Amino acid sequence: MRQPSIPLRAARALFVLAALAFLLPACAARQDNAAAELLDPRNSARQEVVADIQLNAGRARLALEGYDKALLARPADAGLLVKRGQALLRLNRPEPALEAFHLAQAASPNSPGAHYGAGQAAERLGRSGEARQAYERAVALAPQSWRARCHLGVVLMNQGHAEQAREQFLAALALPQVQSRSGTGRGELLNNLAVAQVLSGDSEGAVASFRQALRHSPDPERSANNLGLLLVRLGRQAEALEAFRAGGNDARALNNLGYALYLQGEVARAQALFEKALDLSPAYYETAGENLKQAVGGGPAVGAVSGDAGQDAGVSGAAGRGAAFGNAGEGAATPGVARLSLSGRPGQSLRFGPATLLGGGMPQRRTF
């Protein structure tokens, strides 16, 4: 096949270079337009709306990307920074979340959401003093926020200030939005109030508060176990069994009561309860079976899991549910829920319950 002549090849090369000369400015123009769009406040507002939808749908990573884009045009927007911090908390990244909340505090010192978020992040990082200071500021700026009061109460309780914690829980329970709708934090607040009452020496008041918490909580297991533990401490075993039953089935209730008694040294009574639990639920390999082996052998019972109140292990609520907090937005943060232990200290949880069978028929032991 005849090759094109040299002049013809040169002409084609010149044509390609000329075309590129026209295309390059067009590409540069598109890049400039894209950068301009990111810096457009109207586009930033759209990015924020989309990110809000992603956060409320539980897609925190996509929400974070959206907030980052929105912040390019509004880097000092306190509300955006708070939302970015909440997205980071959802991703379990408290260190960068705290940085975002600090930036929000600097941009708007009177933003309750910025201080509340800073308290959450500091609490997850184990900085109790910093968390308390942030929550106190949030409550001062937004006294109607039951979430801020709830978290502040848990921090105060963990610091040994049960009476002050009790005041925060009572103030939150008196808020109109909590009184008017039983599902708006009432169960969590009543549970926490009961723990504060135990620590303050008001055991009977705590029993009443735990019973109220059971009526108002969509997931009563924690309050049921707390009530059962308290009743065991008070020597009211029959009532304790009924309390444990409110958090599960009969087999679980018997196991839980046996476990609580075993931890108090009543080994024979605990052994009998573990055996009854197994008789009631023979189709399951239960924690009760392991507890029974330990009781017979004299070893420690199975099923204790510790967690810090107010942190992930001790938090109840649904991810993806937005909640307004002043102008800045509180995100979908969930309140701290205190747990009772046989030692009377909050934060060390005792979780009980049987393990279910795996699909393949092999047992899997787990605690609740």
For the range 57-71, name all the residues that are out of contact with any Asp or Glu (no Cβ under 8 Å at 6 or more places or on another chain), closer than 19 Å to PRO94 by Cα and in contact (Cβ under 8 Å) with a residue 24 or more places away in the chain. GLY58, ALA60, ARG61, LEU64
Failed item, numbered, when GLU163 is tested on (1) surrounded by fewer than 16 Cβ atoms within 10 Å (Cβ to Cβ); (2) of a type in the set (Asp, Glu); (3) closer than 28 Å to PRO75 by Cβ: (3)
Total residues in the range 104-130, condition without any contact (Cβ under 8 Å) to a residue 60 or more places away in the chain and closer than 24 Å to GLY187 by Cβ: 1
Just one of (1) closer than 25 Å to VAL195 by Cα; (2) surrounded by fewer than 24 Cβ atoms within 10 Å (Cβ to Cβ) trips up LEU229, so point out which. (2)
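When the residues of the range 246-275 are narrowed to those that are of a type in the set (Asp, Glu) and part of a helix (DSSP H, G or I), which ends up farthest from ALA213 (Cα to Cα)? Full working, then the answer.
Taking the range 246-275 and keeping what is of a type in the set (Asp, Glu), we get 250, 266, 275.
Retained after the next criterion (residues that are part of a helix (DSSP H, G or I)): 250, 275.
Working: ASP250: 21, GLU275: 30 Å.
This residue is GLU275.
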Kindly indicate whether any position in the range 176-185 is of a type in the set (Ser, Thr, Tyr), crowded, with 16+ Cβ neighbours inside 10 Å and part of a loop (DSSP other than H, G, I, E, B). yes
Residues in the range 73-91: is at least one buried (at least 24 other Cβ atoms within 10 Å of the Cβ), among the polar types (S, T, N, Q), under 19 Å from the mean Cα position of the chain (by Cα) and in a helix (DSSP H, G or I)? yes
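Scan the range 133-146 for residues that are closer than 24 Å to THR184 by Cβ, out of contact with any Phe, Trp or Tyr (no Cβ under 8 Å at 6 or more places or on another chain) and either buried (at least 22 other Cβ atoms within 10 Å of the Cβ) or without any contact (Cβ under 8 Å) to a residue 60 or more places away in the chain (or both) and jot them down. Before you say what the answer is, go through the steps one by one.
Residues of the range 133-146 closer than 24 Å to THR184 by Cβ: 134-146.
Narrowing the set further to residues that are out of contact with any Phe, Trp or Tyr (no Cβ under 8 Å at 6 or more places or on another chain) leaves 136-137, 139-141, 143-144, 146.
GLU136, ARG137, VAL139, ALA140, PRO143, GLN144, TRP146 - these are the residues of the range 133-146 that are closer than 24 Å to THR184 by Cβ, out of contact with any Phe, Trp or Tyr (no Cβ under 8 Å at 6 or more places or on another chain) and either buried (at least 22 other Cβ atoms within 10 Å of the Cβ) or without any contact (Cβ under 8 Å) to a residue 60 or more places away in the chain (or both).
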Among the residues of the range 46-62, which ones are closer than 29 Å to ARG127 by Cα and within 18 Å of the chain's Cα centre (by Cα)? LEU55, ASN56, GLY58, ARG59, ALA60, ARG61
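Each reported figure results from applying straightforward, stated rules to the coordinates on display, with no laboratory input. Keep in mind it's a predicted model, so treat the numbers as computed, not measured. Positions of Cβ are backbone-derived with ideal geometry, glycine not excepted, and every protein chain shown enters the neighbour counts.
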